[in-house]
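Nothing in this text is a laboratory measurement; each read-out follows from the coordinates by a stated rule. Values in this document were obtained by computation on a predicted structure and should not be read as measured data. Cβ placement follows ideal geometry from the backbone for every residue including glycine, while neighbour counts extend to all protein chains displayed.
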Amino acid sequence: MTRNRGFTVWLTGLSGAGKTTVAQSIVNELRASDINIELLDGDEVRTNLSKGLGFSKEDRDTNIRRIGYVSRLLSRNGVGVIASAISPYREVRDEVRQSITSDGSEFIEVYVQCPIEVLVERDVKGLYKKALAGEIQEFTGVSDPYEEPLNPEVLVKTDSESVAESANRIIAALEDRGLLRRQQLVEVL
Ligand code: ADP
C-alpha cells in the first residue's frame, strides 16, 4: 500500500486579501481528489484552538506555532493541509516551515498579496475603517507590522487575478512537486 505524501499549503497575507476565499476554492477543487484535505482557517482557529489569545507579537506567534503544530501532525499522516492565517512575522513562518519539512512533508508558502488601498476599498469585514479611525489597536498593515515573504513558493495577486486563477496556480504548484496528479482529479470527476 502506498500513502500519499502529505503537505501544508500556508496562505499568508493581510486581512481581507483573500486567504479564506482562495483556500475554500482549493479545498473545493481537491475534495474531488483522493487526497484527504483539511482546512485550518485562522479566524476559526482563534475561536477554539487559540481561544483567549490576543494580537501581541507573543500571542500571534503562539497562534501560528499551534497551527503549524497541527499542520505538521496532519501532513505527516498524508493529509493535505490548507492553512490560512495572516501570520505577519517571517521568523515564526520560517520556524513552521522548518518543522514541517524536517519531518519529511512539503511546505508551500503562498503569499496572498493585495495592495492596502484595495483592501481599504474592499473592507469586507469593516475592519479597515475601524482600524484607520483608531478603534482597533494592533491591526496588521495599519498599526501593526506585516513582514512579506521573501521567497514564497507561490505569489498570488488578488487585485489582478480571479479566485479561480489563484487557486489553479496553487494546485499547479502541488502538481509540479508530485503531490497531486491531474489524473487524481479527473478520475473521480
Ligand atoms: P482573508 O481570509 O485574507 O481575510 P477573505 O477571503 O475573508 O480574506 O476576504 C477576501 C474578500 O475579497 C472576499 O470578500 C472575496 O470575495 C474578495 N475578493 C475579490 N477578489 C478576490 C480575489 N481575486 N481573490 C480572493 N478574494 C477576492
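Taking amide H atoms as placed 1.01 Å from N in the peptide plane, list the residues 5 or more away in sequence, or in a different chain, whose amide H sits under 5 Å from that of Phe107.
Amide H neighbours of Phe107, under 5 Å, 5+ apart: Thr8.
What is the Cα radius of gyration of region 52-189 over 2.2 N^0.38 Å, N being its residue count?
Against the empirical 2.2 N^0.38 Å value, I get 1.18 for region 52-189.
Straight-line reach from Lys157: which lysines have Cα under 28 Å away, leaving out those fewer than 8 places along the same chain?
Partners found: Lys19, Lys57, Lys125, Lys129, Lys130.
How far apart, in nanometres, would the label points at Ser99 and Lys130 be if each is projected 7 angstrom from Cα along the Cα-to-Cβ direction?
3.0 nm
Starting with the fewest neighbours, write out Arg93, Arg181 ranked by other beta-carbon atoms found within 10 Å of each beta-carbon. Show your work: numbers first, answer last.
Values: Arg93 22, Arg181 14.
Exposure proxy ranking, most exposed first: Arg181, Arg93.
Identify which of Glu38, Glu121, Glu109 has the largest mean-square fluctuation in a Gaussian network model of the chain, with springs joining Cα atoms closer than 10 Å.
The residue that fluctuates most here is Glu121.
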